[in-house]
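A.B. asks: Let me begin by handing over the structure; questions about it come next.
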Amino acid sequence: MPKIYDRDYFDKWYRHPDHTVASASELRRKIAMVVAQAEYYLGRPVRSVLDVGCGEGVWRAPLMKLRPGLLYQGIDASEYAVARYGRSRNIGLARFGQLEYLRFDQRFDIIVCTDVLHYLKPAEIRAGLSGISDMLEGVAFLEVFTSKDGVDGDMDGFHARAPSWYLKAFNEVGLMPCGSHCYLGPRLERRVAALERAQSPV
């Protein structure tokens with residue numbers, strides 16, 4: 001049976017003390033790091049974020065606290081999350097692969113996709129990545145775990161791919177690694193130094 005991302009799922013993996021793997025303070029530090037990376041390369045404050053597979057939109061409040069007035073757009077495939085938080089947290093209903101065609105009125109300074117890709121099939125990953133590359137003005141935070149990582153949390157449907165598989169898929173759409181799960185979009189290529197570029201697969 002396909003996984004159902006309902007209230008019970010989010011209660012278990014994001015709130016229950018026996019299962020949740022990240023604290024609120026860890027999330028705040030992660031968000032501050034991503035914002036700092038993006039602003040360093042953009043040379044200005046972050047104005048917009050697209051959060052792909054955002055669930056209940058837990059990135060929204062810390063982002064808004066860091067950068068009041070920031071435009072936050074979330075998308076998720078969970079009908080529960082969109083029905084409950086869609087209006088209050090600006091979350092729309094969409095799957096990752098739909099980013100191949102889905103577009104908004106602007107490009108985004110940051111595109112977030114955390115804890116999503118390792119549950120998807122290759123065709124959907126490649127389709128969605130093409131949209132991320134096209135819509136990205138600054139930095140994509142693509143938090144994904146591989147066959148080389150010790151993984152905690154939800155293992156149902158987890159695909160343990162090699163790190164090289166993801167690096168190749170990211171490189172094919174022009175996403176360049178700059179550390180800590182962050183990838184520069186094609187529009188920032190001129191800002192990448194030679195040693196940073198050396199991390200990309202040949």
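A.B. asks: If Asp105 meets every condition in (1) under 16 Å from Gly53 (Cα atoms); (2) surrounded by fewer than 20 Cβ atoms within 10 Å (Cβ to Cβ); (3) without any contact (Cβ under 8 Å) to a residue 60 or more places away in the chain apart from one, which number is that one?
C.D. replies: Only one criterion in (1) under 16 Å from Gly53 (Cα atoms); (2) surrounded by fewer than 20 Cβ atoms within 10 Å (Cβ to Cβ); (3) without any contact (Cβ under 8 Å) to a residue 60 or more places away in the chain is unmet by Asp105, namely (1).
A.B. asks: Can you tell me which residues in region 160-198 are small (Gly, Ala, Ser) and within 18 Å of Ile110 (Cα to Cα)?
C.D. replies: Gly174, Gly179, Ser180, Gly185
A.B. asks: Please go through region 110-119 and pick out each residue that is over 11 Å from the mean Cα position of the chain (by Cα) and open to solvent by 20 Å² or more (accessible area, probe 1.4 Å).
C.D. replies: Residue satisfying the conditions is Tyr119 alone.
A.B. asks: All but one of (1) within 23 Å of Arg7 (Cβ to Cβ); (2) more than 16 Å from the chain's Cα centre (by Cα); (3) not charged (D, E, K, R) hold for Pro122; state the number of the condition that does not hold.
C.D. replies: (1)
A.B. asks: Take Tyr119 and decide whether it is at pLDDT below 95, aromatic (Phe, Trp, Tyr) and out of contact with any Asp or Glu (no Cβ under 6 Å at 6 or more places or on another chain).
C.D. replies: So Tyr119 passes the test.
A.B. asks: May I pose another question? When region 34-62 is examined, which residues are found to be open to solvent by 60 Å² or more (accessible area, probe 1.4 Å) and in contact (Cβ under 8 Å) with a residue 40 or more places away in the chain?
C.D. replies: Arg47, Val58
A.B. asks: Something else about it: Taking into account only those residues within region 148-184 that are at pLDDT 85 or above, open to solvent by less than 40 Å² (accessible area, probe 1.4 Å) and small (Gly, Ala, Ser), which is farthest from Ser133 (Cα to Cα)?
C.D. replies: Gly179
A.B. asks: Now, a different point. How many residues does region 33-74 contain that are within 18 Å of Gly92 (Cβ to Cβ), outside any helix (DSSP H, G or I) and touching a helix residue (DSSP H, G or I) at 6+ places or on another chain (Cβ under 8 Å)?
C.D. replies: So the answer is 14.
Residue-wise test of (1) touching a Lys or Arg at 6+ places or on another chain (Cβ under 9 Å); (2) without any contact (Cβ under 8 Å) to a residue 60 or more places away in the chain.
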residue: Phe96; (1), (2): no, yes
residue: Cys113; (1), (2): no, no
residue: His118; (1), (2): yes, yes
residue: Arg126; (1), (2): no, yes
residue: Leu129; (1), (2): no, yes
residue: Thr146; (1), (2): yes, yes
residue: Gly150; (1), (2): no, yes
residue: Ser164; (1), (2): no, yes
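A.B. asks: When the residues of region 86-102 are filtered to those that are in contact with an Asp or Glu (Cβ under 8 Å, 6 or more places away or on another chain) and hydrophobic (A, V, I, L, M, F, W, C), which remaining residue is surrounded by the fewest Cβ atoms within 10 Å (Cβ to Cβ)?
C.D. replies: Among those residues, the one meeting the criterion is Leu93.
The values are calculated or read from the model by the stated rules, or taken from the named source; none is laboratory data. Nothing here was measured: the structure is a model prediction, and the numbers come from that model. All Cβ positions, even for glycine, are placed from backbone atoms using ideal geometry, and neighbour counts span all protein chains on display. Note: accessible area is taken over every heavy atom of the protein model, side chains too, but ligands, DNA and RNA are not part of it. Shrake-Rupley method; radii C 1.70, N 1.55, O 1.52, S 1.80 Å.
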